[in-house]
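Everything below concerns the one structure shown next.
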Amino acid sequence: MKGKILGAGAISGDDGKRYYYEENELKNAKEGQNIEGLEVDFEVIDGKAVGVFILNKPSFSSNFSSLNASFNASMTNLPNIDTKFVFLDFNAVKNFIFAPNIHSMKFFALLTLICYLITNLLAKSFVYGGGASAAFFYIFGILSLVLGLWVNYLLFQTSSDKKPLVYFISCVIVVAVMGILLKTLADSLMMSMFGGKLPYFKLTLIVLLFIAYAVLILLWYIRVGKITNEKFFMYSLYAQLASYACLIIMIIMLLCREEFGIWYDFAVICAIASSALLAVAWLKFREIHAIN
């Protein structure tokens, strides 16, 4: 008779009945082999299976079940990092990834920073061209905004302080308007190089938007720094403000038709430093508390 092994010592026969066998009756199993789901041939004596021989390899479903069980077993005890600069419990992330807690917030905050970094790398393609690079700019830009909103929502849920969320949403609105203006500004600047007038109104408006964005960022960093009691948020803010100062100087130099390339380089360096310090801040903080 043929059947399929249900587990150690039990077979489901083709006749729909269940038969049990002694371990020594399984004749050709390899040591440590997973036998669940294997098809076998056997004889029935006094209602028991004897002379059980494995006929083929396990089915896909049994292989998948075995692999999934092994994977789950290997994921049960993920590392918990607790050092001077990293406080992260991977088990808490795995088990409560969408729950409002410190570790899930850290996970999504780091994802936000990664998407933000990729967006900045693709910014030039957005301003000066189109195609696939511009499409990816939109994708990662929108993704960074959505993830950022989620992080600030988690922060609101854990601290009962809605101000960081309000500041972030306001920043998103300012960035959206500024992005539209920058897109049109690139074309206007190109025309000015061939004798056209500089777009003073657009440049002035962008500077004002930069100032508004810087103020909102300042308020966000200060509030989050107080909620988490982590000073690296303020260090990141200082580098961010230095980057904005370099950009404003760059625009002034542009209005004066002077060389501004070095200020752009400084702005990029400060922005990278700010992102690195912000990553450290998210990894490092250990507590969240409500403030008045």
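The values are calculated or read from the model by the stated rules, or taken from the named source; none is laboratory data. None of the values given here were measured: they were computed from a predicted structure. Cβ sites come from the backbone with ideal geometry, for glycine too, and all protein chains shown count toward neighbours. Ligands, DNA and RNA are stripped out before the accessible areas are found, and what is left, the full protein with its side chains, is counted by its heavy atoms. Shrake-Rupley method; radii C 1.70, N 1.55, O 1.52, S 1.80 Å.
Of the conditions (1) at pLDDT 85 or above; (2) open to solvent by 60 Å² or more (accessible area, probe 1.4 Å); (3) not aliphatic (A, V, I, L, M), SER74 fails just one. Which one is it?
So the condition that SER74 fails would be (1).
Which condition from (1) in contact with a Pro (Cβ under 9 Å, 6 or more places away or on another chain); (2) at pLDDT 80 or above is the one that SER188 breaks?
(2)
Across region 15-32, what is the number of residues that are outside any strand (DSSP E or B), surrounded by 11 or more Cβ atoms within 10 Å (Cβ to Cβ) and touching a strand residue (DSSP E or B) at 6+ places or on another chain (Cβ under 7 Å)?
4
Which condition breaks for ASN56 when tested against (1) modelled with pLDDT of 85 or more; (2) open to solvent by 30 Å² or more (accessible area, probe 1.4 Å)?
For ASN56, the failing item is (1).
Which residue, of MET250, MET193, MET178, MET234, is among the aliphatic types (A, V, I, L, M) and modelled with pLDDT of 90 or more?
MET234
Would region 141-159 turn up any residue that is open to solvent by 40 Å² or more (accessible area, probe 1.4 Å) and at pLDDT below 80?
No, there is no match, as no residue in region 141-159 is open to solvent by 40 Å² or more (accessible area, probe 1.4 Å) and at pLDDT below 80.
Taking PHE168 as meeting all but one of (1) open to solvent by 50 Å² or more (accessible area, probe 1.4 Å); (2) under 22 Å from the mean Cα position of the chain (by Cα); (3) modelled with pLDDT of 90 or more, write down the number of the exception.
(1)
Report whether or not ILE227 is open to solvent by 30 Å² or more (accessible area, probe 1.4 Å), among the β-branched types (Val, Ile, Thr), closer than 24 Å to ALA290 by Cα and modelled with pLDDT of 90 or more.
No: the conditions fail for ILE227.
Determine which member of the set ILE11, ILE35 is buried (at least 17 other Cβ atoms within 10 Å of the Cβ), over 30 Å from ALA92 (Cβ atoms) and modelled with pLDDT of 85 or more.
None of the others qualify; the one that does is ILE11.
Would region 283-292 turn up any residue that is under 20 Å from the mean Cα position of the chain (by Cα) and open to solvent by 80 Å² or more (accessible area, probe 1.4 Å)?
Yes, region 283-292 contains at least one residue that is under 20 Å from the mean Cα position of the chain (by Cα) and open to solvent by 80 Å² or more (accessible area, probe 1.4 Å).
Under 8 Å by Cβ, and 6 or more places apart or on different chains, what pairs join a residue from region 171-188 that is on the phi > 0 side of the Ramachandran plot with one that is modelled with pLDDT of 85 or more and exposed (fewer than 12 other Cβ atoms within 10 Å of the Cβ)?
Cβ pairs passing all conditions: none.
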